[in-house]
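Novice: A single structure is presented below for examination.
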There are 2 protein chains.
Amino acid sequence: MLQTGSAATTREAIHSAATRLFQQRGFARTTVRQIAAEADTDPALVIRHFKSKELLFLETMHLTIDDEPLLDVPLERLGERLVELLVGLDGSARGIFLALVRGSNEPQIQERLQATHEQVLVRPLRGRISGPDSDVRARLAAALAAGLLHTLWVARDEALLRTDRAELISRYGALLQAVLTPTDT
Amino acid sequence: MLQTGSAATTREAIHSAATRLFQQRGFARTTVRQIAAEADTDPALVIRHFKSKELLFLETMHLTIDDEPLLDVPLERLGERLVELLVGLDGSARGIFLALVRGSNEPQIQERLQATHEQVLVRPLRGRISGPDSDVRARLAAALAAGLLHTLWVARDEALLRTDRAELISRYGALLQAVLTPTDT
DNA sequence: AACTTCGGTCAACTATGTTGACTCGGCTGT
DNA sequence: ACAGCCGAGTCAACATAGTTGACCGAAGTT
């Protein structure tokens, strides 16, 4: 609104408004005009700064996890630890995950989701296991992990949502463990 | 276009055009005007017949699987058989699944996805297993199954997509089997 | 024959992403 | 110091979207 703007300030206001709105309402249900209003500026400025709504989305929706918890746990508890990590994720991570999944109609958002799956799930897991087929095993484990998020957050299996955290961690963790460190043949 | 319309004919034309377009391009990227053009009619008629784009979507996007293959297989092969079924699904099922997932920003579409998850995955699995915790086990197995679809279709793990079908069926099937018929410890 | 009904057409409304013309304040080069 | 430029902001407008309401014309009913 004020001409006094350091461009960076306005840009930051837009960035943080967009972050909040995209996380809460997703890509489709967030409008450029909402973002502008929230950042107390003009819709045209939003586009000026970020080229397009989609690029703004990509600039704000980065999903990462702190994978240290995966490193300092013994290999035999890796499965449990990952599930523990996943079900303990905060609303922000959930919002970004959902926004990416639901926005993946757009090719660039799909690419981001693909890369995120790789970086957040596949890579950390592959880094901790060994063996000739460690890549496939890491990917299968990542699929399990993604299945948990999909079921809890996207499909919203009410019964699983009500299930005791500890039980979920123990049972689903055991399944993950079976791919990560297969016992016999 | 033709004034001679039996309403049912036009409605059917719209229905089938919408089915194809929603499957191919998803909810957001399909416009009412496209559907109308495809059905050789007027956008206003599309709305007249189905009240709204979203209701038309819900009317057309029904995902079911033939679960007979799950019934006639011995219990010990249920996991493998389900994976076989899933990776063998045709483009139509894939299109509907993706459309539901990506459309799940809309509350009603989310509900449909939730119900579909329940009916297509949880229910058939729970029907075949027994035990006090068969419900949880069915839901965990459904999560695994959904994880496979999510990873192949939504996240598009290229490496897994290139993986040999038989190997995928055997390995992921074994994981599923571990929830369905736990070998106890 | 007049009226009603029903399928269809058309124009318009609102909302959305995006663009371009314009304003204005401060800085720069001379 | 002043003319000119530049960068930030404002505004109106465009194209496209879903949706609505007024109208039209044929066909059946009374």
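The values are calculated or read from the model by the stated rules, or taken from the named source; none is laboratory data. Values in this document were obtained by computation on a predicted structure and should not be read as measured data. Here Cβ is always computed from backbone atoms with ideal geometry, including for glycine, and neighbour counts include all displayed protein chains.
Novice: Quick one: is residue A:132 more than 30 Å from residue A:54 (Cβ to Cβ), at the interface with chain B (Cβ under 10 Å from one of its Cβ atoms) and at pLDDT below 95?
Specialist: In short, no.
Novice: Please go through segment B:1-28 and pick out each residue that is outside any helix (DSSP H, G or I) and either within 8 Å of DNA strand C (Cβ to nearest atom) or in the same structural domain as residue B:154 (by TED's automatic domain parsing) (or both).
Specialist: Passing the criteria: B:1, B:2, B:3, B:4, B:5, B:6.
Novice: Does segment B:44-62 hold any residues that are within 14 Å of chain A (Cβ to nearest Cβ) and near DNA strand D (Cβ under 8 Å from one of its atoms), and which are they?
Specialist: B:53, B:54
Novice: I've got another one for you. Does at least one position in segment A:104-115 carry a residue that is small (Gly, Ala, Ser), part of a loop (DSSP other than H, G, I, E, B) and away from every other protein chain (no Cβ under 13 Å)?
Specialist: No, that holds for no residue.
Novice: Output the residue which, of all residues in segment B:148-176 that are under 24 Å from residue A:155 (Cβ atoms) and more than 22 Å from the chain's Cα centre (by Cα), is surrounded by the fewest Cβ atoms within 10 Å (Cβ to Cβ).
Specialist: Taking the candidates together, the pick is B:174.
Novice: Of everything in segment B:146-180, what is under 23 Å from residue A:123 (Cα atoms), facing chain A (nearest Cβ under 7 Å) and part of a helix (DSSP H, G or I)? Give them in sequence order.
Specialist: B:146, B:147, B:148, B:150, B:151, B:154, B:159, B:160, B:171, B:172, B:175, listed by residue number.
Novice: For segment A:29-75, list the helices (runs of 4 or more DSSP H) that sit wholly inside it and hold at least 2 residues that are more than 8 Å from DNA strand C (Cβ to nearest atom) and closer than 19 Å to residue A:98 by Cα; which are they?
Specialist: By residue number, A:53-60.
Novice: Among B:140, B:89, which is the only one that is part of a helix (DSSP H, G or I) and either more than 10 Å from chain A (Cβ to nearest Cβ) or surrounded by 20 or more Cβ atoms within 10 Å (Cβ to Cβ) (or both)?
Specialist: One residue alone meets the criteria, B:140.
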